[in-house]
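First the structure, in the form of structure tokens, and then the observations on it.
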Amino acid sequence: MGRGGRVSLAERVYESLRDDLATGRLAPAERLRAERLARRYGVSRTPVREALARLQADGLVQRHPEGLYLYRPRLAELDELFELRMVLETRGFQRLVLGSAAAPAGHDLAAVRTELTRWQEFRDTPPRPGPELVAADERFHIELLRAAGNSALAEALSAVYIRVRPVRTMDVPTADRVAAMTTEHIAIAEHVLAGRREHAMHTLVTHISASCVHVRARAEQAIAFTKLGGTVRD
């Protein structure tokens, strides 16, 4: 097989492994052994090792003394990632509101309308909680930021999501939380389309802050249950 074929195979393994880690199809506490993963994806160990090296560079995989594992943020790191998310997303609006020389005339309104239509459909037919809902939520925020005219900010936000996604995927939201997310996304998009940028930013900040509080509370709850589970036996 030529070099191009090896690169293509490594890319396929990289994408499959990244998705499996991010959506919980591979257990968070499972050691990432090249031999086992090679059998899982039906390839040799070489493209698996290349994929693991890329995921380690992405920050999604961490090396411990006993081997490689999915990146699992500490509570303080989770707070830092949400803070970075807030900085990135609000910067998209600040570029427009402050009217900097580098800022475009406005959002890519066609992209915003596309997301508005998607979430209006979700309002009528709520999506089921799970990886697909998490992906749709991420797409809304990434596309909104990209529509503000700086693709580098959107790429940075995508990198943050990669690290937070496993935590969010394992947290199954209630119907009320899905409805609240949908309502807030629609409000943000409608504010943008109406030119109410300050209102859009305020709604966005409130939305992200609430998400941060919820995810942190759920993480603390999970830690508490883990400790409780260690005090009893079957």
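I'd like the residue in the stretch 167-192 that is open to solvent by 50 Å² or more (accessible area, probe 1.4 Å) and among the hydrophobic types (A, V, I, L, M, F, W, C) and, out of all such residues, is nearest to Leu81 (Cα to Cα).
Taking the stretch 167-192 first, the residues open to solvent by 50 Å² or more (accessible area, probe 1.4 Å) are 170, 172, 174-177, 179, 183-184, 190.
After this cut, where a residue has to be among the hydrophobic types (A, V, I, L, M, F, W, C) as well, the list is 170, 172, 175, 179.
Numbers: Met170: 17, Val172: 20, Ala175: 26, Ala179: 24 Å.
It comes out as Met170.
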Among the residues of the stretch 147-155, are any closer than 22 Å to Pro73 by Cα and of a type in the set (Gly, Ala, Ser)?
yes
How many residues does the stretch 50-64 hold that are assigned to a helix (DSSP H, G or I) and surrounded by 15 or more Cβ atoms within 10 Å (Cβ to Cβ)?
6
Failed item, numbered, when Val7 is tested on (1) part of a loop (DSSP other than H, G, I, E, B); (2) among the β-branched types (Val, Ile, Thr); (3) at pLDDT below 85:
(1)
Look at Arg146 and say whether it is surrounded by fewer than 18 Cβ atoms within 10 Å (Cβ to Cβ), within 25 Å of Leu21 (Cβ to Cβ) and without any contact (Cβ under 8 Å) to a residue 60 or more places away in the chain.
no
When you go through Leu21, Leu68 one by one, which is the residue that is under 27 Å from Glu155 (Cβ atoms), part of a strand (DSSP E or B) and within 22 Å of the chain's Cα centre (by Cα)?
Leu68
Provide a single number: the residues in the stretch 147-175 that are farther than 14 Å from Ser211 by Cβ and charged (D, E, K, R).
2
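The values are calculated or read from the model by the stated rules, or taken from the named source; none is laboratory data. Everything numeric in this text was worked out from a predicted model, so none of it was measured. Positions of Cβ are generated from backbone atoms using ideal geometry, with glycine treated the same way; all protein chains shown enter the neighbour counts. Side chains are part of the model used for accessible areas, which takes the heavy atoms of the whole protein and leaves out ligands, DNA and RNA. Shrake-Rupley method; radii C 1.70, N 1.55, O 1.52, S 1.80 Å.
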